[in-house]
Structure formats: C-alpha cells, structure tokens
Amino acid sequence: MQPIFGAAAMVAVCLLGAGCQTKGIYASVHDAHVVDVAVHYQSNTVPPSVAPRLRETLRSRFAAMPKTGPEKCVSVTIAEYHLKNPALSLLVGDSNRMTGTVRSVDRATGKIDGTKRVVALDTYALNGVIGAVQAATQDAGKAERALTAGMENEVVTAVYGSEVAKVRPRPAAPPAAPATTGAVQPAAPSTAAKPPHAPAPAPASAACPAAIAQG
C-alpha cells in the first residue's frame, strides 16, 4: 500500500505545484499515429462502464491528432480502482484513484515501443475530518467520471507527454443548414437497387486485433 500512497503524493505535488513536464513514449505526435486503443482491467472493483467509456474517449482523443508517423496500437490495463475510504482519509490520508499501465505497440512489427505506469487521482487534497465526511457522502458515479477523465489525460501523457495532453481537441462545428429560396420540394424516392445484405461495419478494434489483444 505504501508505494501507491507515495506515487499518489508525487502526482499531487505535480498537480498542486508549478506543474511537472512528463515525457511520453514518443517525443512528438508526429512520431507515431495511434490507430486503436484497447482497455482491460485486472481488478474486480472496476465499474463495468469504465472500460468502454475510457476506450471511446481515448479513441476520439487520438483520432483528433495528426495522422503522421508509424501506426501504433495502445493498450491500457487498469490494475486498481479505489474510492476514498473515510477511515483512511481521517487517519493517514486517502483519495479516489485509478492506477494501471499503458503499453504502445508498433502495428506493423508487433514490437513494444514502451510501457508506462499511470495514476489518476481525485479528492486527494482534502483529508482529515473534512476528507472523511467527503468520502462518506460522495457520489460514486461522479467519482467514476472524474477518475475516467483523469485516466484519459494520464494515458495521453504516457503516450505523447504532458504538453500534448494539455491540448484538448475542439468539438466539430455542426454543419450549416442549406439556404432556401422558395418552397422545398420533397425528394423523390431513390430507385437505385440496394444490396440484399449491407456489409456489417468493421468492429472498432479491428485496426490492431493482434497487437492489443494482450493487455
């Protein structure tokens, strides 16, 4: 338990201080193009919604980055999911936390480019009596969302470094409505022949089935 608290304290110092610049597995977003992400977990305390939510947010995050460099497959393994304990918060200090490892694999060769440990924290700053009350009354769903968002940022940091992780992609603007000059006539029904069976879309993890199968 002590190494976890040590890691948590180090992360908290970075967050509360001037900030720590962390290097990622790759020096630049142009050195690697992440084409897929898998999320696994080892702990049975991980809520079932964490893995799919984290996977989809990471896929969106990496998809917004430049598509340059060799194609890479990222695998995240969640080793611990812990919600702040009132007694521990009162006595020695505790936090909501999610820990795990990030691994990046070259899609073409299967070579592991690097592995990094990641720690996402929430509510670390408040402990003692206030922290104990906070732990006893907190909303588990809200804590889950905060930890998942924190882990998303930690994974991007592990892959590309903290400077890249600071940049959030802008949401795409909705398409403009077409201009109309008069009454709009309903479109005629299409007479084009349709295939009897449309091909099923490829699964979201089809880009790296072998490279990320083992987290």
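The values are calculated or read from the model by the stated rules, or taken from the named source; none is laboratory data. The shown structure was predicted, so the numbers you read here are calculated from the model rather than taken from an experiment. To get the accessible areas, we keep the full protein, side chains included, count just its heavy atoms, and leave off ligands, DNA and RNA. Shrake-Rupley method; radii C 1.70, N 1.55, O 1.52, S 1.80 Å.
Observations, loosely collected:
- Qualifying residue in region 35-53 (condition: open to solvent by less than 40 Å² (accessible area, probe 1.4 Å), at pLDDT below 95, over 18 Å from Gly161 (Cα atoms) and over 17 Å from the mean Cα position of the chain (by Cα)): yes
- Residue among Thr22, Thr77 that is of a type in the set (Ser, Thr, Tyr) and part of a loop (DSSP other than H, G, I, E, B): Thr22
- Being more than 17 Å from the chain's Cα centre (by Cα), at pLDDT 75 or above and not hydroxyl-bearing (Ser, Thr, Tyr) is a property that Ile130 lacks.
- Filter result for Gly69 (closer than 16 Å to Ala38 by Cα and at pLDDT 90 or above): no
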